[in-house]
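Chemist: One structure follows; several queries about it will come next.
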């Protein structure tokens, strides 16, 4: 028995409807994919997502490219004792705030200060306080390390921990 024209027309309509439904579902599934987060965005998120405490600030005194524990005596002269309990908050708008506390051993004073930071689009060049340019060295969930270049060409290192 041959199909009637009416049944062929219904089959065609059902096929077209099914095809359109399949195309709509495919379009919705592929259109809802999240954009992959760039390395730059990941770094900014790591820097700005939580607060930091400074654990080292100073130079590589012997010039070997390693921040040795033996270098700490020289670096304490730069005020690191007063910074150990400070809390740093880097914000996505390019500001950072640090809060100083007066602990009984250092008599350093209390205050809150705001300045500027920037991570360049290449994800490596780091700017602190608008004028101090340097490079990001280490960044992960627990450590932020960068250096800024001094006028004499030496590197001034900062290491923060969470």
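Every number in this text was worked out from the coordinates using simple rules, so none of it is lab data. Predicted, not measured: the structure shown is a model, and the values here were computed from it. Ideal geometry is used to build each Cβ from the backbone, glycine not excepted, and the neighbour counts take in all protein chains shown.
Chemist: Which order do 17, 57, 162 fall in if you start with the one that has the fewest other Cβ atoms within 10 Å?
Modeler: Ascending Cβ contact count within 10 Å gives the list 17, 162, 57.
Chemist: Arrange 59, 49 by Cβ neighbour counts within 10 Å, fewest through most, would you?
Modeler: 49, 59
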